[in-house]
Amino acid sequence: LLMMRLAALALIVFAFARPFFRGAEAPASAEGGAREVVILVDRSYSMGYGDRWTRAIAEARKTVDSLTPSDRGTIVFFGSGTDVALRSTSDKGRLLSTLASAQLSAGATHYGPVLKLAGSILAESTLPRREVVLVSDFQRGGWRGADGVRLPDGAVLEPKPIGDAETANVAVTPVAIERSTFSDQERVTVTAGVTNHGAKALDGVDVTLEVNGRPIQTQRVRIDANASSSTASAPVTPTPAEARATVRLGDDAMNRDNAFHFMVAAGRPVRTVVANRAGSRDAGLYIGRALAVGETPRFDLTPRDAESLTADDLQPRSIVVL
């Protein structure tokens with residue numbers, strides 16, 4: 001009982017003394033001190049859908065704006081590879097400028113390497129608080145198991161999802177070219193594939209064939225949800241002999257995959273020199289007939305005696321020695 005009375009008396013004395021803490025020390029104790037923040041920004045191909053890239057940069061800017069003068073920030077852009085754009089600085093101006101100059105890539109997403117990199121940057125920091133901010137649309141294919149990823153003890157990973165509740169996107173797949181001959185002119189037929197990455201079937205997708213920047217044919221196809229379709233153009237004659245061609249779709253939320261560019265060249269025969277040994281004049285008869293069967297490519301055969309071959313005959317081309 002005596003001890004309790006003495007303790008109560010001590011508390012009364014302590015209260016009247018009005019102790020205080022310095023203002024600079026109280027926030028540091030409450031918040032845990034300065035931060036080392038690594039901002040990981042996904043710039044893979046899928047981030048070009050709609051306004052994802054704009055929203056991703058805006059989210060990264062919010063994180064930079066939240067940094068205090070005692071904090072340090074690192075910006076890393078990633079896709080199939082990683083790029084440390086700016087490392088461990090408290091200069092907000094440089095961080096914001098780095099974000100403003102960033103561009104999308106054509107690579108896929110791979111989270112393992114960039115998270116390992118973030119872990120190594122945090123492990124080298126001496127600041128008391130360590131954080132990773134991951135800005136991404138979180139494509140499922142970007143995670144390939146654990147990948148040996150481990151952040152330092154006490155580090156915090158904060159995901160910032162940049163996604164869409166519903167997506168709809170069509171894309172051109174590589175084309176196939178079939179050659180034919182009509183009235184001694186070579187013609188080509190272009191078959192284009194179109195893939196629907198959305199959850200709804202599309203009844204009218206315009207597929208346009210352009211040659212040298214000029215639209216020459218447009219066809220409409222129907223594509224089921226999460227499926228593919230194809231369409232073949234009417235035969236066209238390449239003019240000039242080598243022409244730039246494009247298969248193009250109409251605009252959608254991701255225009256980067258709406259065009260496929262290629263070259264269309266008139267078929268050229270493969271110049272072939274059949275060199276006969278002395279005394280075997282007709283030895284190349286059968287191989288000549290065999291090569292004449294094929295039309296893609298065609299072979300232009302020239303018989304020669306082995307002794308009469310010239311330097312021009314030995315230029316890069318197909319040469320059959322019999």
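Every number in this text was worked out from the coordinates using simple rules, so none of it is lab data. Here the structure is a predicted model, which means the values were calculated and not measured. Heads up, the Cβs are rebuilt from the backbone with ideal geometry, glycines too, and the neighbour counts pull from every protein chain shown.
Is the shape of region 119-189 best called rounded, prolate or oblate, per the rule: a/c under 1.5 gives rounded, else a/b larger than b/c gives prolate, else oblate, with a ≥ b ≥ c the square roots of the Cα gyration tensor eigenvalues?
Values: a/c = 5.10, a/b = 3.23, b/c = 1.58.
Verdict is prolate for region 119-189.
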For region 144-206 and region 36-91, distance of Cα centres in Å: 25 Å
For peptides 270-277, 65-72, 249-256, sequence by mean Cβ density within 10 Å, most packed first: 270-277, 249-256, 65-72
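When a/c reaches 1.5 or more, the comparison of a/b and b/c decides; with that in mind, is region 129-271 rounded, prolate or oblate per its Cα gyration tensor?
Numbers: a/c = 3.49, a/b = 2.31, b/c = 1.51.
Because a/c hits 1.5 or more and a/b exceeds b/c, region 129-271 counts as prolate.
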